[in-house]
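Values quoted throughout were computed directly from the atomic coordinates according to the rules given, and no laboratory measurement underlies them. Everything numeric in this text was worked out from a predicted model, so none of it was measured.
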Amino acid sequence: MTENQPPYGPPSNPPPGPGQPGGQYPPPYGAYPQRPPMFERDARLWASAAHWVPLALMALSAGTLMWAAPLVIWLMHRDRSWLVDVNAKEALNFQITLVIVYLISIPLMFVFVGFLTLAAAGILAIVWGIQGALAANRGEAYRYPISIRFVK
């Protein structure tokens, strides 16, 4: 092999990426940088919103979209604050449990038991939702007394 001929195989040191100082390549397509942790006041706001926004959606959507707000809050902010992660998961689990109770109450309305279960579930959703929002606003994790843990 002559001295002017480059060796075969990949180069031992790849050239720097275009416009990258020091040979650093940009992150791969679709990779996002780690988001910074959330401030405590913002975490309390989002954690309490995971409990009280379903109450507003209960009135606006007749109880059909109550699960959407805690799901969106949990997916957006679960990696930025433990308080939001815990409270939004708990609110989501309770809202899914309420949807199941509502679906079971509909056929039970033919024997008039469904009206009682529907009213009881609605009252408990309001009371426990307010308690959860207040606890999250104090910076505490809230657990609903009756809830099936679908999301762990």
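Residues in the stretch 61-72 carry Karplus couplings, in order, of 10, 6, x, 8, 10, 5, 6, 5, 5, x, 5, 5 Hz; the curve used is 6.51 cos²θ - 1.76 cosθ + 1.60 with θ = phi - 60°, and Gly or Pro positions show x. Residues in the stretch 76-81 carry Karplus couplings, in order, of 7, 10, 5, 8, 9, 7 Hz; the curve used is 6.51 cos²θ - 1.76 cosθ + 1.60 with θ = phi - 60°, and Gly or Pro positions show x. According to the calculation over all Cα-Cα pairs in the stretch 29-152, the P(r) per 5 Å bin from zero is 2, 12, 21, 22, 16, 11, 7, 5, 2, 1, 1, 0 %.
Each listed q (0.27 Å⁻¹) maps to a log10 I(q)/I(0) for the stretch 75-116, found by the Debye formula over equal Cα scatterers with no solvent: -0.83.
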